[in-house]
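Below: one structure, written as structure tokens.
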Amino acid sequence: MNLAIILQAGVATGTALLFATLGEILTERSGILNLGVEGMMLLGAMTSYAMSNKFGNPWIGILFGMLAAGLVSQVHAFITVTLQADQVVSGLSLNFLATGISLVLGEGLNSLVGVPLIPKFDIPLLSQIPFIGDVFFAGHSALVYVGYLMVPLAWYFINRTRPGMHLRAVGEYPSAVDAQGINVFGMRYFYIFVGGLLAGLGGAAISLAISPGFFAEKTTSGQGWIAVGLVIFAQWNPIRAAFGGYIFGALRRLVLDIQGPMLLLGFANPFYYNPYYGFFLKMLPYAFTVIVLIIGSREANRKRVGSPAALGLPYIRGQRGL
Amino acid sequence: MSESMTSNISPKGRFPFKLKIEPRLKSPSGWFSSMLSFLAVVLALLVGAGIIAAAGGEPWRAYAHIARSSFGSVGVFSDTMVKAIPLMLTGLACTVAFRMRLWNIGAEGQFFLGAWGASLVVLAPILPEETPQWIFIIVMSIVGIAMGAIYGFIPGFLKAKLNVNEIISTLMLNYIAVEWNNYFIYDKWSEGGFQMSKVFPRNAWLPRLADYAKEIPEFRGLTVHFGLVFAIIAAVVVWLILYKSQWGYEIRLIGDNPKAAEYAGIPIARNIILVMSLSGALAGLAGMSEITGVVHRLQGHISPGYGFTAIIIAWLAKLNPFAVLLVSVLFGALILAGREIQPSGVPTMIQGVIMVFLIASDFFMRYRIYFARRKEE
């Protein structure tokens with residue numbers, strides 16, 4: 001057991017968070033706050049696990065998981081974009097809905113055995129680099145590598161392409177985009193769908209790769225909410241989201257590991273003295289989320305970067321304001 | 001405005017009527033609003049039936065079972081009320097916060113801390129076991145309320161002083177509260193290695209109707225406890241605060257128009273902290289009444305998500321404290337009967353569908369929809 005192994009597991013764990021965070025960044029960039037990430041991840045995890053079992057192919061499972069989460073996200077899209085309802089309340093209700101559906105349809109899934117999982121492999125050459133190769137390029141499931149590719153792609157898309165510029169404009173100043181002849185409503189439906197797909201992918205990464213299986217609400221255990229918090233910390237920037245995602249992943253693994261704190265922090269895992277102190281360690285990722293939010297909002301204040309200006313506001317044609 | 005909101009549902013010129021959607025100039029009557037909510041719930045139950053059927057269940061039998069095993073007799077109705085009491089108090093907690101558009105999603109965690117605070121009185125111990133019952137109840141209420149209030153104060157302070165999003169922070173605190181409780185039931189207060197504390201002494205129990213069965217035989221076996229009185233008093237207090245006090249006026253003004261409130265010189269940061277603390281206090285009282293009225297010991301599964309159901313209750317009750325009491329009874333029935341229904345996720349799912357339809361139905365409060373005769377073009 002050494003540091004590289006713990007960090008390697010942390011990167012794997014962080015991948016699920018990364019997908020969900022990237023999805024929420026894209027959704028929020030279009031001006032829609034979707035608080036249903038936790039529910040959508042759970043639905044993605046449940047569907048992909050069940051479908052992977054049914055078809056005997058994990059990739060088909062992932063596809064179904066993403067589609068299920070994407071479809072359920074359209075409930076939020078209809079309510080917030082077309083019916084112009086409050087995005088916070090709608091997101092919360094989406095969360096209840098998706099969680100409930102996952103629990104009902106996912107009943108009994110935890111007794112399945114031999115469900116096909118995402119394959120793991122080394123990246124040739126890169127995995128030979130000492131330490132870094134072990135942490136980032138060896139023995140990971142395919143989805144982890146997909147995550148590496150997705151971060152720069154998402155950054156490039158948002159900042160350097162024409163549709164990405166439209167996306168940012170929709171979130172900042174929808175009436176100007178509307179005047180340009182771009183369909184604000186359609187754009188928002190689409191990016192809510194993309195956010196759903198990625199949340200579903202995050203869920204699938206949990207149930208088919210990181211910690212295989214479906215254990216009701218414990219499958220995601222609040223990671224969707226952490227992702228929503230990470231978006232604020234990331235200041236709607238995919239690169240920062242990647243940092244946040246992997247750090248949180250490492251933190252989640254760390255608390256499971258007996259020797260981790262000694263290697264990383266220099267003191268023995270309190271779990272070692274009294275197994276019940278582990279409950280305090282389990283609080284860490286959640287407490288850390290709050291701390292990260294404090295850091296994030298202070299920094300945003302200082303650098304004067306804020307959320308997309310139209311975030312949380314319904315776009316109503318012809319109405320004054322944004 | 002009205003021009004752009006007009007939409008056609010039929011191809012041009014075929015159908016002599018067209019659907020018109022116009023913003024309402026004045027809000028519709030309370031009667032309309034209640035009917036709308038009722039319709040939303042009915043539709044939600046129909047959709048829920050569809051999902052249950054898709055999962056291989058029998059929806060009508062499930063619904064009939066919910067109705068029978070929660071309203072079928074005085075005895076089961078009493079059990080329904082027992083489930084409704086924590087919902088009433090957490091529902092009121094959400095009502096106060098939501099009225100200021102402060103999204104306290106942490107009623108669940110504040111409930112756990114309230115329960116922990118009440119247990120602290122017995123298990124620390126703060127009071128000896130032979131303390132009279134009324135002193136026990138008063139002290140446990142105070143400690144439970146205080147713990148809930150502190151747990152509401154934290155996200156309130158973070159929001160007011162450091163601009164931390166309260167939705168995320170309250171949610172994170174929920175998970176922390178559960179682990180906090182777990183530590184105490186597994187280690188500190190564990191009884192004989194089981195994951196629960198010892199049973200509280202009789203003096204630390206809230207009185208139940210069944211305790212008076214000697215004097216009034218009809219009360220035999222009725223589990224409704226004194227927490228119901230707490231809930232009713234709390235509803236009156238919340239109503240007085242929100243609608244009859246200057247503070248309530250400030251809360252409502254901030255909720256409706258924070259800019260106007262700021263220009264009027266209302267201290268927003270202070271109100272955020274106070275309202276979050278009040279909200280936490282109510283949820284803490286819910287935890288205290290549940291632990292002393294029903295469970296009588298600290299253990300793991302003291303809440304089937306009361307704090308989350310409370311969000312829906314507050315919304316369905318349109319943030320009216322007295323409506324919260326009534327709506328809580330319905331959801332109490334759902335939770336009580338839901339325990340025996342397979343698959344086990346049915347109550348959560350039904351709550352979600354109800355909430356979705358409820359928020360969608362709000363559209364009809366803001367827009368008028370009617371058929372108009374198509375003019376010759």
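Things to note:
- Per-residue HN-Hα couplings for the stretch B:314-326 [Karplus 6.51, -1.76, 1.60; θ = phi - 60°; Hz; x = Gly/Pro]: 4, 6, 5, 7, 6, 6, 9, x, 6, 5, 4, 4, 5
- Over the protein assembly as shown, the hull volume per residue, using the convex hull of the C-alpha atoms, is 189 Å³.
- Point-charge dipole on Cβ atoms (K/R +1, D/E -1) for the stretch B:273-377, about Cα centre, debye to 20: 300 debye
- Contour excess over end-to-end distance, with Cα ends at B:Tyr263 and B:Ala124 and 0.36 nm allotted per residue: 45.2 nm
- Surrounding net charge for B:Ile168, when Lys and Arg each add one and Asp and Glu each subtract one, Cβ distance under 15 Å: -4
- Against chain B, whose longest principal axis is taken from its Cα atoms, helix B:227-244 shows a tilt of about 50°.
- Pairs of alpha carbons in the stretch A:3-303 separated by more than 34 Å make up 20% of all such pairs.
- Taking the charge dipole of the protein assembly as shown about its Cα centre, with +1 at Lys and Arg Cβ atoms and -1 at Asp and Glu Cβ atoms, the residue from B:Ile216, A:Gly31, B:Trp205 reaching farthest to the positive side is A:Gly31.
- Footprinting exposure proxy for A:Glu28, B:Glu179, B:Glu262, B:Glu130 (fewest neighbouring C-beta atoms within 10 Å first): B:Glu130, B:Glu262, B:Glu179, A:Glu28
- Spatially near lysine pairs across chain B, Cα under 15 Å, sequence gap of 8 or more or different chains: 5
- Those lysines that a straight Cα-Cα span of less than 26 Å connects to A:Lys54, excepting residues fewer than 8 apart in one chain: A:Lys120, A:Lys218
- Size of chain B: Rg and Dmax of its alpha carbons, in Å, are 23.4, 87.
- Taking B:Leu120, B:Leu162, B:Leu87 in turn, the Gaussian network model of chain B (Cα-Cα springs below 10 Å) assigns the largest fluctuation to B:Leu162.
- Comparing Cα centroids, the stretch A:122-163 and the stretch B:155-182 end up 33 angstrom apart.
- Less than 5 angstrom separates the built amide H of B:Tyr367 from those of B:Arg24, all sequence-distant by 5 or more or on a different chain.
- Relative contact order (%) - chain B, alpha-carbon pairs under 8 angstrom, separation at least six: 35 percent
- Label-point separation, B:Glu218 to B:Arg68 (7 Å along Cα→Cβ), nm: 2.6 nm
- CD proxy at 222 nm, helix term only [per DSSP H run n ≥ 4: -39500 (n - 2.57); per residue of chain B; nearest 500]: -21000 deg cm²/dmol
- A run of chain A free of exposed loop cleavage sites, with trypsin sites (Lys or Arg not before Pro) counted only in DSSP states other than H, G, I, E and B and at most 11 other beta carbons within 10 Å, reaches its longest extent at A:1-303.
- Hydrophobic long helices, here whole DSSP H runs in chain A with Kyte-Doolittle means of at least 1.0 and Cα atoms spread over 18 Å or more along the helix axis, are found at A:3-29, A:58-77, A:87-105, A:142-160, A:184-205.
- Length-normalised contact order for chain A - Cα pairs under 8 Å, 6+ apart - percent: 35 percent
- Charged side chains reduced to their Cβ positions (Lys and Arg at +1, Asp and Glu at -1) give chain A a dipole of some 640 debye around its Cα centre.
- With all pairs of different C-alpha atoms in the average, the Kirkwood value for the hydrodynamic radius of the stretch B:22-175 is 19.5 Å.
- A simple count of charges around A:Asn34, restricted to other residues whose Cβ falls under 10 Å of its Cβ and scoring Lys, Arg +1 and Asp, Glu -1, yields -2.
- Between the stretch A:50-78 and the stretch B:22-56, the Cα center-to-center distance that results, in Å: 28 Å
- With K and R counted +1 and D and E -1, the other residues having a Cβ less than 15 Å from that of B:Gln246 yield a net charge of +3.
- Largest mean-square fluctuation among A:Leu105, A:Leu125, A:Leu22, in a Gaussian network model of chain A whose springs join Cα atoms under 10 Å apart, belongs to A:Leu125.
- Förster-model FRET efficiency, 41 Å R0, A:Gln74 and A:Arg298, C-beta, rounded to 0.05: 0.70
- Candidates per trypsin sites (Lys or Arg not before Pro) in the stretch B:198-274, loop by DSSP, up to 13 other Cβ within 10 Å: B:Lys214, B:Arg220
- Degrees separating the helix B:166-183 axis from the principal Cα axis of chain B, which is the longest one: 30 degrees
- Electrostatic dipole magnitude of chain B [Cβ: Lys, Arg +1; Asp, Glu -1; Cα centre; debye, to 20]: 1400 debye
- Computed from Cα atoms, the angle from the helix B:30-54 axis to the main principal axis of chain B rounds to 80 degrees.
Values in this text are rule-based calculations from the coordinates and carry no lab data. Treat the numbers as computed from the prediction; the structure is a model and nothing was measured. No Cβ is skipped: glycine too gets one built from the backbone with ideal geometry, and neighbour counts run over all protein chains shown.
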